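Any read-out appearing in this document is the output of simple, stated calculations on the displayed coordinates, not a laboratory observation. Quantities reported herein were computed from a predicted structural model and do not represent experimental measurements. Because the Cβ atoms are built from the backbone with ideal geometry, glycine has one as well, and the counts that use them run over all protein chains shown.
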Amino acid sequence: MLKDLSLWPSQASTLSGNVDLLYIFLIVVTGLFTLLVFALVIFFAYKYRQTPDRHATQIEGSNVLEATWTLIPFGIFMIMFVWGAAVYMHSVQPPPNAMEIYVVGKQWMWKLEHPEGVREINTLHVPIGKDVRLTMISQDVIHSFYVPAFRIKQDVLPGRYTTLWFHATKTGHFHLFCAEYCGTLHSGMIGEVVVMEQNEYQDWLAGNANTGTMASSGEKTFNELGCASCHRSDTQGRGPDLAGIFGKPVALDNGSTVTADDNYLRDSILNPGSKVVSGFKPIMPTYNGIVNEEQLLSLVSYIKSLSQPRQQGQPAPAPASVPVHTGRTQAPSAGNTKVK
Amino acid sequence: MSASTTEAVAQHSLQHHFATMEQQRQSTTLGMWIFLVTEIMFFGGLFTAYLVYRTAHPDVWEMGSQHMEFWLGTINTVILLTSSFFVALSVHYAQRGMTKITALLLFLTVLCGIGFLGIKAVEYHNHYKEGTVPGPWWHYNQVENPDGTTRPAPHELQLFFYLYFVMTGLHALHVTIGIVLLALIGLWAWQGKYTAEYHNPVHISGLYWHFVDLVWIFLYPLLYLIANKHA
Amino acid sequence: MATTAVANPVERENYLNTNYGIKSWLLTTDHKRIAILYLISITLMFFIGGFFATLIRLELLTPQGDLMTADTYNKVFSMHGIVMVFFFLIPSIPATLGNFLIPMMIGAKDLAFPRINLLSWYIYIVSACLLIYVIVNGGVDTGWTFYTPFSTTYSNTNVFLAGIAIFINGFSSILTGLNFIVTLHRMRAPGMTWSRLPLFCWSHYATSVIQVLGTPVIAITLALVAIERVWHIGIFDPKVGGDPVLFQHMFWFYSHPAVYIMILPSMAVMSEIITCFSRKRIFGYAFVALASIGIAVIGFLVWAHHMFVAGISAYAALVFSLLSYFVAVPSAIKVFNWTATMYKGNISLRTPMLYALGFIGLFTIGGMTGLFLACLGIDPHVTDTYFVVAHFHFIMVGGAVMAYLGGIHFWWPKMTGRMYSEIWGKVAAFLIFAGFNLTFLPQFILGYAGMPRRYHAYVPEYQVLNVLSTAGASILALGYLLPLIYLLSSLRNGAIAGDNPWAAQGLEWKTSSPPPTFNFEETPVVTWEAYDYEQMPKEVPVVS
C-alpha cells in the first residue's frame, strides 16, 4: 500500500511546473494566514482565559484595523487572481500548428483518433516535446478529460467541440481519468497517456496506421453521402465550395458573419437550416442521425485538409469515389490546384 | 356598517401576535411583496432560458412566433388589462367600505380570468391539432419555403414551443390560483368581512393579480410579436 | 458570581408544558414548538445522510469497488449529497435556532406569519417523505447536481420524483426566508433599532434574502428537468438545439448562493457565542453586519466558478474568478473580527465556545482553500477532484455543522430548561474536531494528486490517504452520536438551567428557560446596545 503512495502527481508537461509553483505560493500564503489565525485564537484563549480577577475590556472596534485586514487580503487576492489568470490564459490558447488529436468520449470509454488514421481506446500515444491539441466531443453525456500529470482538464460535451492542449516534457505512462460524473462506470472510464520519444512515436504511428488518414476517410464519407454533388468547386454547386473555408469568416443569409471553425462545420452538417450561407438556398438535408461523431470528425478533418496543400510524408488520400446519387463522375475543375 | 361595528370587525381580525392593526397591515403587505419577488425569480429562470435560446436561434424564434394566433393573444392581453382595472377599482371601493361593489368587481375580474383561460385552451387545442405540442405529440415536421417547396422544420422549433407551453402554462397556473383567491376574497367581501379600516386582504390579493397580469405583458410581445421583417 | 438556579422553573408554565398531546404539537403556531419539530426532523435526515456517508467511506477503504456495485455507490453518494444539502444544511440553523430565537431576540411574541411557519414545516415533511420514498425505491444516481443530459436522458433512476421532492422542499425554504424578512422589518420591540439587533439577526436577514431570491431558480430548473424526464422534450438536449451547459448556469445560480444560506447562519451563531464566552461586545459590529449583507449580494455574482472547465469562454472565466475573490473579503473580515473580539476578553472554554473556536479554525482552512479554487491557474487541475470535496466539507461540516452543534449546546438550556454534561460536551467536541480533520485533510492531498470525485473504485496509489480518511470518519461518527445521547439524557437528568446560565446578553436570556408561550411577560423596551457585556457579570457562571 505504502509503496504506491501518491502525494503529488508527476510534472510531465510545460504547464505542470507553472501550476505547481502557483499552488505552492498559495499554500505558503494561505498557510501563513491560517497559522496566524490559529495562533491568535489559541494565544488569546490562553492569555485571556477566565481568572477571578480578570475583567474583559470592551472594545468597539477600529476602523484602521478593519481597513488593514480588508485591504491587505484584497491585495493578496488580486495577486492570486492575476497570476492565476496568466497561467490560465496560456493554458487555454493552443499554439498555432499544434498537432491535432481527436477525442470522442462515450459511456464509458475514450476513443482517440490520430489524423493519420490510428485509433486508440483509453490509451493516447503522443510524442514528447510537441504541442498537441485535442478536439473533443461526447457521444452521450458530459465527460471530462483529465490528465493530472499535465495539470489539464476540460469537460467533453455532447453537441459541440471543446479543446485542450498540452506539451509533454517527460516520457512515460500517465493517468487519464474521466472527471465529470457520467454514470455507472464513471470510475472505470480511465486510461493512460503514453508519451514517447518523437522517433518512437513516428514508428508507432506507422506501425498502426492501416485505415488511411482521417482526412481520407472523411473524403470517402463526403462522397458516399453525396456531399460532393452540391459542394462543388465550380459554380454549378447548389452548396458553397468548401475549399479553403476552414478558419475563415462566412457571411450568413441573415446578415451576420461567423467563423468556419470545427463547431460551425459540425453544426452545418447536422443542422444545415440554422446557419445558411448568404446567396444559397436552405435546401441542404440534415445528416442528423446518419453520421456519428467519429464520421463528423473525419469530415471536419477532410474539410480542414482542403485548406492546406498536401504535406510531404502524409499518405496520399484515396481516390475520389463516384457519388452514389447522381451517377456523374467528378470532373476535375480547371484552375483548381487541389487534386483529390 | 356603523363605526363601532367596523372597528369590531377590524379588532376581531387582529391576530394575537401583532400589537396593532397597522403592524399587521404593514407586515402582510411586505410579505406579499416579497412573495411576488420570489415569483419574479421563478419566472426569471424561464425568461433566461428564452433569452439564451432566442439569441442562439433568432430565425427559429421568428418562425415560432408566426405560429402564434395574434388575435387570440391580443384579445387575451386586453382581457387581462381590463381585469387589472377591475381589481384596482375593487381596492378603491374597499377603501371606502363599499364591500358589495368590491365583491362585484372581484367577480368581474374572476370572469375575465376564466375568459383568459378559455382562450388559452382554444389556442392550446389548435397547437395540438397543428402538431406543435412538444414531446410525444409533436408532428410538425415540414416548413413551407417562400417558393412553395417544403423543407424539414428546424428541430429548435420544438424548443420554442416547449418554452411557449411551459411559460404560458406556468402563467395559466398562476391565473387559476388568482381566480380562486379573488373568488374567495370576493365572497368574503360580499359577506361583509372587510371594512374601510380593514381590507388589506383585498389589497394584497390585488397585488398578486397585478403581478400575474404583468407577467403576461412580458410574455405577449416575447411570444406573439416577434416581427417578421421578410413577410 | 451567583449561579442562577431558580426553584423548579420547568414546572412553571412554558411553551413545552402549556398543553400536551400530539394535536397541540402538530397544529401549533408557536415558533418555538415549530423549531423543535424541525429539530427532530432534520436530526433524522442528518443521520440518514450520515449513514450514506458511512457507506461511502467504507467502500473507499479499498481501491476496488468491492462493497457495493458501481450503480449502488453512485446512488449512495447522490443521496448523501441531496439529503445533506437540501434536507439538513439548508434548513438546519434557520429552521431550528432561527425559528426559536429570532422573535425572542427582537422582543416579539412570534414570527410575522406563524401559520406560514407551520406550513413551511409541513412542506418540509412532505418533501422529506417523498425523498425517503425515493431512497427506498432505489434513489437517484445523478449526484446532487443533476447535470444534464445524464439526469434528463440517460439515468435510469427516480430523477423525476427526486426533482419534485427538492422542488417542494424549496418552498419550505422560501417561506422561512419570507417570514424572517418581514419579522425583522416589522416585529421589533420598541427601541430595538437595526443597529441594536444581535448579529444573529443580521446574518439571518442576509440568509433570508438569498433564500427568497435564489430558491425559486433551483425550483424552476429542477421542474424543467422533471418535464424533460417525463415528456422527453430537450430543453437541455443538444440534439434539439438545447444546451446542457445552460442547466449548469441555472443550477449554480441558486446552488452557489445556497452555500451562503448554509454558512451565514453559522456565522450568526458565532457572533453570539464568542461574545458571551469572551464577555465582550463584538469587535466591529457594523463591519460584521455589513459583511453579512456583502456576502449575500456578491454571492449571487460568482456562480460560474463551478464551471471553469465546463465549456464557458475564457473571458467569462476571468470575470467569475475576479468576483469570486471579491466574495472572499467579507468572510475574512468576519474571521478577523471574531478573533479580535477574543482580545482582552475574559474567556471561558465551555462546550459552545469549543465549537466556536473549532469553527474559526476549520472555516478559515475551508475558506482559504476556496482561494485555490477561485484561482484559474489551479482550478482546472483540482476541480472535480477530492480537493473540492475537502474544501466544501471543511466549510459545511467543519464550519456549518460545528456552528450548528455549538448553537444547539449554547441554547439548549434556554430551549429545554436543562443543562447537559459539560464533560461529555467537551469530549464530543474534541472527537468531532479530531475526527473531522483526519477525515478531510488527507482529501486535499488526494485531490491535488489527481483522484477524481465520485469514483467508486480508484487507482491503488490513492489508498493510503483514503484509509486515513475513513479512519477519521469513524471517529467523527462517534463524535456525532454522543450529543444525541447526552442531550436527550439531559432532558430527564440534566441540571435545571435557570433563565440565563451563561449570563449572556440578549433578550432571549431575559425570559425564563424554557420560555413561556408568548416569550415575554411584557413586551420589552430596548434601551441598550447589542452585546452590552459591561452590564453583565464578568464571567460565565458554573452551573452545578
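The table that follows gives values for the structure above.
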{"quantity": "Cross-link pairs beyond the 25 Å C-alpha cut-off, checked among A:LYS130/A:LYS153; A:LYS111/A:LYS153; C:LYS75/C:LYS426; A:LYS47/C:LYS334; A:LYS275/B:LYS120; B:LYS193/C:LYS23", "calculated": "C:LYS75/C:LYS426; A:LYS275/B:LYS120; B:LYS193/C:LYS23"}
{"quantity": "Residue-by-residue Karplus 3J(HN,Hα) for segment C:449-463, coefficients 6.51, -1.76, 1.60, Hz, glycine and proline x", "calculated": "5, x, 6, x, 8, 6, 9, 6, 10, 9, 6, x, 5, 9, 5"}
{"quantity": "Given charges at Cβ of Lys, Arg, Asp, Glu: chain C dipole, positive-most of C:HIS80, C:TYR38, C:PHE236", "calculated": "C:TYR38"}
{"quantity": "Whether segment B:21-98 is rounded, prolate or oblate, judged on the alpha carbon gyration tensor where a/c under 1.5 counts as rounded", "calculated": "oblate"}
{"quantity": "Spin-label pair B:LYS100/C:SER489, simplified geometry with 7 Å Cα→Cβ offset, distance in nm", "calculated": "7.2"}
{"quantity": "Convex hull volume per residue for segment C:25-535, taking Cα atoms only, in Å³", "calculated": "136"}
{"quantity": "Segment C:82-145-segment C:447-510 distance, computed between alpha-carbon centres (Å)", "calculated": "20"}
{"quantity": "For segment A:242-263 and segment C:288-323, distance of Cα centres in Å", "calculated": "34"}
{"quantity": "Loop-located chymotrypsin sites (Phe, Trp or Tyr not before Pro) in segment C:17-85, at most 14 other Cβ atoms within 10 Å (DSSP)", "calculated": "C:TYR20"}
{"quantity": "Counted charge near C:PHE359, where neighbours are those whose Cβ lies closer than 13 Å (Asp, Glu -1; Lys, Arg +1)", "calculated": "0"}
{"quantity": "Eligible aspartates and glutamates near C:LYS109 by straight Cα distance, threshold 18 Å, same-chain separation 8 or greater", "calculated": "B:GLU22, C:GLU13, C:ASP30, C:ASP499, C:GLU508, C:GLU521, C:GLU522"}
{"quantity": "C:LYS23 versus A:ASN254: modelled label distance in nm, points set 7 Å from Cα along the beta carbon direction", "calculated": "6.4"}
{"quantity": "Gap separating the Cα centres of segment C:57-74 and segment A:95-115, nearest whole Å", "calculated": "30"}
{"quantity": "Cα-based helix-to-principal-axis angle, C:402-416 vs chain C, degrees rounded to 10", "calculated": "30"}
{"quantity": "A:ILE59 versus B:LEU111: modelled label distance in nm, points set 7 Å from Cα along the beta carbon direction", "calculated": "7.3"}
{"quantity": "Table column - 3J(HN,Hα) (Hz), segment C:17-31, Karplus curve with 6.51, -1.76, 1.60, x for Gly and Pro", "calculated": "9, 5, 8, 10, x, 5, 5, 5, 8, 6, 10, 5, 10, 6, 4"}
{"quantity": "Sites matching trypsin sites (Lys or Arg not before Pro) across segment B:9-99 that sit in DSSP coil, with at most 13 neighbouring C-beta atoms within 10 Å", "calculated": "B:ARG96"}
{"quantity": "Unit charges on C-beta of K, R, D, E only; dipole of chain A, Debye", "calculated": "400"}
{"quantity": "Estimated FRET transfer efficiency when R0 is 35 angstrom, pair C:LEU67-A:LEU71 (beta carbons, to 0.05)", "calculated": "0.10"}
{"quantity": "Residues of type aspartates and glutamates that C:LYS239 reaches as a straight line, Cα spacing below 19 Å, ignoring anything fewer than 8 places off in the same chain", "calculated": "A:ASP140, A:ASP155, A:ASP262, A:ASP267, A:GLU293, A:GLU294, B:ASP59, B:GLU156, C:GLU228"}
{"quantity": "Segment B:43-166, Cα convex hull volume normalised per residue, Å³", "calculated": "125"}
{"quantity": "Rounded if a/c under 1.5, otherwise prolate or oblate - segment A:6-67, Cα gyration tensor axes", "calculated": "oblate"}
{"quantity": "Global form of the protein assembly as shown, assessed from the alpha-carbon gyration tensor, a/c cut-off 1.5", "calculated": "oblate"}
{"quantity": "Helical segments meeting 30 Å axial Cα length and Kyte-Doolittle 0.0 threshold in chain B (DSSP H)", "calculated": "B:21-56, B:70-95, B:99-130, B:156-190, B:200-224"}
{"quantity": "Rounded to whole Hz, the Karplus (6.51, -1.76, 1.60) HN-Hα couplings of segment C:132-138, x for glycine and proline", "calculated": "5, 4, 4, 4, 4, 8, x"}
{"quantity": "Calculated P(r) of chain B - Cα pairs past 31 Å, %", "calculated": "35"}
{"quantity": "13 Å Cα-Cα reach of C:LYS538 towards aspartates and glutamates, excluding residues that sit fewer than 8 places from it in its own chain", "calculated": "A:ASP53"}
